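The values are calculated or read from the model by the stated rules, or taken from the named source; none is laboratory data. Just so you know, these numbers come straight off a predicted model, no measurement behind them. Cβ atoms come from the backbone with ideal geometry, glycine included; neighbour counts cover every protein chain shown. Heads up: the accessible areas ignore ligands, DNA and RNA and are worked out on the full protein's heavy atoms, side chains in. Shrake-Rupley method; radii C 1.70, N 1.55, O 1.52, S 1.80 Å.
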Amino acid sequence: MIDASLPLPRPVWIEAAILAAVRAIVMPCQSERPDGPAVPIRDDVEDVRQAQQGDADAYRRLVERHQDHVARILWRFSRDRGTHEELVQDVFVEAYLSLSRYRGKAPLEHWLARIATRVGYRHWKEKARRRRTEPFDVQEWDAAMDGDHVAGTVEPNDAAEVLHHVFAQLAPRDRLVLTLRYLEQCDVVETARRTGWTRTMVKVQTLRARNRLRRLLEQHGVELT
Amino acid sequence: MKWDQKIEELAARAREERVPCVDVTSAVLATFTAGSVQPLTVAERFWMWLAAVSSAVAVPVAVTAFILSTRSAGPLNEIVEAISWAIQ
């Protein structure tokens, strides 16, 4: 049985409550997530406030509400189920420890997406330091392609696997921008928000990463034209 | 077809993938209640900041002190040598 009280991250945040109240009056209470069920911001802010006071149930609700979204992001960072689950867990532990920094100005899932990206990127850097990269087999690529296009028989998880292996050959920084661009469909602004980099840096990094990706594919004998 | 269009196409197919379900609720809450993860208290934050500020001040002071001592080491050595010569 889990104790219903949690250690307090910080005294109650009045600003979040005021913002929630203002939002409740002047704004519609739906987040702007296009690809999933809309989560009322008001509920999140209220649960964050209660979790800050040590209410375990409030934090449980937040985890239950957002874990699928976080899991979806982190599946791009690790395709090993055990590691994936650990990373999702790390995100919510980290989120709890910095709950006081959530200002309630944007949907909680945006804030969690930033933490998830940071956790995933850290995982890649750790792997790169230990030189544990999954090999890329050009036959895997060939099997996924049918001439110039992706073969119709290729399952989504196979396509994801191929891209994961290709990107894994690059440095974590390159891998991050390419993953956000191609798999998460993030534009420059969103990538900058998720990574904490400037927009100029994102543009430069993307350009370099694409060049390195192209060189990598050429080195592996992948037909590019 | 441009090479990055192939990547775009692969990515589009990859995005259709179903992500495995996870439920970390119990594990996350258990981490907190086990006490292995604790947010910093106000006092801890204060000490952390104090340590950071002290380090930030200490490093330039140490560098300056080293430079000054190196500069003054020459004349000091001369004086010490002169004294030791006079004593002899």
> trypsin sites (Lys or Arg not before Pro) within region B:1-75: which are DSSP loop residues with at most 14 other Cβ atoms inside 10 Å?
Replying inline: B:K2, B:R18
>> Tell me the carbon and sulfur percent of the accessible area for region A:10-218, rounded to whole percent, probe radius 1.4 Å.
In response: 48 percent
> Which lysines, on any chain, are close to A:K125 with Cα under 28 Å apart, when same-chain ones fewer than 8 places away are left out?
Replying inline: A:K203, B:K6
>> Can you give the local net charge around A:G221? Use residues other than it whose beta-carbon is closer than 14 angstrom to its beta-carbon, Lys and Arg +1, Asp and Glu -1.
In response: -3
> Can you list the GluC sites (Glu not before Pro) in region B:1-33 that are in a DSSP coil and have 16 or fewer other beta carbons within 10 angstrom?
Replying inline: B:E16
> By how many degrees, between 0 and 90 and to the nearest 10, does the Cα long axis of helix B:3-14 differ from the longest principal axis of chain B?
Replying inline: 60 degrees
> Taking the Cα centre of region A:10-218 as origin and charging only Cβ (+1 Lys, Arg; -1 Asp, Glu), how large is the dipole, in debye to the nearest 20?
Replying inline: 1300 debye
> For region A:147-195, which residues drop by 50 square angstrom or more in accessible area between the chain on its own and all protein chains together (1.4 Å probe)?
Replying inline: A:D148, A:V150, A:P156, A:L163, A:Y182
> Going toward the positive end of the dipole of chain B, with +1 on Lys and Arg Cβ and -1 on Asp and Glu Cβ, which of B:A12, B:A43, B:I87 do you reach last?
Replying inline: B:A12
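With every protein chain present, what is the per residue accessible area of region A:10-218 (1.4 Å probe, Å²)? Could the numbers behind the result be given before it?
Working: 10210 Å² over 209 residues.
Heavy-atom accessible area per residue stands at 49 Å².
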>> Buried accessible area between A and B (1.4 Å probe, both chains summed, ligands and nucleic acids excluded), in Å² to the nearest 100?
In response: 4200 Å²
